[in-house]
Amino acid sequence: MENQERKKRALSCIQPTGTPTLGNYLGALRNWVQMQEDFDCFFAVADLHAITVRQEPSKLRQQIVEMFALLLAIGLDPQKSLLFVQSHVPAHTQLSWLLSCNTQFGELSRMTQFKDKSAKHADNINLGLFAYPTLMAADILLYQPDCIPVGADQKQHCELSRNIAERFNGLYGNTFVVPEPFIMKTGARVRSLQDPTKKMSKSDENVNSFISLKDDKDTVIRKFRRAVTDSEAKVRYAEGKDGINNLMEIYSAITGLSLDAIEQAFEGKGYGDFKTAVGEAVANELTPIQERMNTLLADKAQLEQLMRDGAANASRVAGRTLAKAQKKMGFVQL
Ligand code: TYM
């Protein structure tokens with residue numbers, strides 16, 4: 001795969017914490033499926049990132065397998081994309097240390113995710129939570145990608161990765177490709193259904209605020225019907241209508257209809273009809289994914305084999321970059 005240098009390379013990862021949401025799907029996962037046709041792609045389950053917040057081991061183990069199965073279920077094809085689990089490739093933690101020594105305390109202190117998560121988990125503000133962006137930079141830079149397809153919330157981390165790469169290249173000579181974040185216009189920031197000023201998040205305590213990719217059709221429709229909107233009762237995209245804007249963006253991302261076309265289609269109809277339509281469209285997208293996932297999870301041996309293949313292929317690519325970085329920094333190579 002790594003010899004097809006003419007194709008641009010893309011890399012992205014997702015944490016196996018909680019069940020992924022519609023936000024993860026529209027902001028990232030679905031775009032990965034489209035990208036695998038045109039890019040040389042690397043996608044990983046970022047399990048090492050998950051332990052920056054305390055996890056129950058047996059649950060974490062299950063979630064890693066489920067997330068890997070989900071990547072396959074949404075349509076990522078191991079023949080086209082390199083799919084792997086981060087902890088199976090030791091080069092990630094190895095490069096992370098080298099990058100940590102080239103990352104400033106001040107830079108990491110400015111990360112909004114660190115500020116948010118340390119406020120939320122005040123009893124466990126650990127070193128890993130603080131250093132998280134350097135591990136993420138290692139995830140990225142090891143594979144020399146041109147672009148990183150992510151949702152808008154990861155832009156700051158991607159920019160830090162670029163800064164780290166540029167600094168390293170400047171100090172030690174050209175080592176890393178400096179990648180660009182790639183953020184789609186629709187679906188980049190799916191918002192909470194209960195508080196549309198916040199992003200939809202799998203760690204939200206209110207289960208009605210997010211659509212889990214595991215939610216069945218009735219649950220999806222019920223959650224959309226309960227979504228917080230405004231009192232205008234007109235399907236119109238406008239400033240101050242965060243709830244309706246969010247639903248329109250979700251509907252647009254799923255159906256491909258423009259916001260104008262949606263306004264026209266729901267002219268004279270109330271929010272009730274629109275919410276049901278959004279719920280049905282989302283449920284129809286999720287049902288086949290859920291069915292494929294159940295089939296995949298029934299064959300653990302096949303999943304493990306795919307993980308093993310992914311780990312071996314990813315380790316080859318990552319090992320080369322790690323060796324290059326070690327050499328540039330002055331380590332003795334055997
Ligand atoms: P994570 O696991 O929180 O989310 C995975 C992807 O989903 C996107 N996303 C959203 N997009 C739109 N609307 C939302 N409400 C929403 N919520 C999540 C995220 O932007 C992300 O693209 N640090 C990363 C994982 C990671 C990574 C990497 C990503 C580790 N190493 C290297 C890229 C490259 C994270 O926690 O994503």
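Observations, loosely collected:
- Among residues of segment 153-164 that are over 16 Å from Thr175 (Cα atoms), those with a Cβ under 9 angstrom from a residue that is more than 11 Å from the ligand (Cβ to nearest atom) and not in a helix (DSSP H, G or I), sequence gap 6+ or separate chain, pair up as Gln156/Arg110; Cys158/Glu180; Leu160/Thr103; Leu160/Arg110.
- Neighbours by Cβ (under 6 Å, 6+ apart or cross-chain): first from segment 60-88, over 18 Å from Ile289 (Cβ atoms); second open to solvent by 30 Å² or more (accessible area, probe 1.4 Å): Leu82/Asn313; Gln86/Leu48; Ser87/Leu48
- Of the residues making up segment 108-131, just one is more than 16 Å from the ligand (Cβ to nearest atom) and among the acidic types (Asp, Glu), namely Asp123.
- In segment 132-169, residue surrounded by the fewest Cβ atoms within 10 Å (Cβ to Cβ) [restricted to those that are near the ligand (Cβ under 9 Å from one of its atoms) and among the β-branched types (Val, Ile, Thr)]: Val150
- Any hit, segment 236-251, residues being under 18 Å from the mean Cα position of the chain (by Cα) and modelled with pLDDT of 95 or more: yes
- The condition of being open to solvent by 20 Å² or more (accessible area, probe 1.4 Å), farther than 22 Å from Asp216 by Cα, out of contact with any Leu (no Cβ under 6 Å at 6 or more places or on another chain) and within 14 Å of the ligand (Cβ to nearest atom) holds for only one of Ile51, Ile64, that being Ile51.
- Taking (1) assigned to a helix (DSSP H, G or I); (2) loosely packed, with under 13 Cβ neighbours inside 10 Å in turn, Phe331 satisfies each apart from (1).
- Screening Leu95 against (1) within 16 Å of the chain's Cα centre (by Cα); (2) of a type outside the set (D, E, K, R); (3) modelled with pLDDT of 95 or more leaves a single unmet condition, (1).
- Residues in segment 190-219 that are assigned to a helix (DSSP H, G or I) and polar (S, T, N, Q) were compared, and the one that is farthest from the ligand (Cβ to nearest atom) is Thr219.
- Counting only residues that are in contact (Cβ under 8 Å) with a residue 40 or more places away in the chain, over 19 Å from Met136 (Cα atoms) and not in a loop (DSSP other than H, G, I, E, B), segment 165-189 holds 2 of them.
Each row is one residue, and each column tells you yes or no for (1) of a type in the set (Phe, Trp, Tyr); (2) modelled with pLDDT of 95 or more; (3) within 23 Å of Ser209 (Cα to Cα); (4) open to solvent by 20 Å² or more (accessible area, probe 1.4 Å).
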| residue | (1), (2), (3), (4) |
| --- | --- |
| Gly256 | no, no, no, yes |
| Glu263 | no, yes, no, yes |
| Gly270 | no, no, yes, yes |
| Glu280 | no, yes, yes, yes |
| Thr287 | no, yes, yes, yes |
| Arg292 | no, yes, no, yes |
| Leu296 | no, yes, no, yes |
| Leu303 | no, yes, no, no |
| Arg308 | no, yes, no, yes |
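The values are calculated or read from the model by the stated rules, or taken from the named source; none is laboratory data. Model, not experiment: these values are computed from the prediction. Note that we place each Cβ from the backbone using ideal geometry, even for glycine, and neighbour counts take in every protein chain shown. In case anyone asks, the SASA skips ligands and DNA or RNA and just uses the protein heavy atoms, side chains included. Shrake-Rupley method; radii C 1.70, N 1.55, O 1.52, S 1.80 Å.
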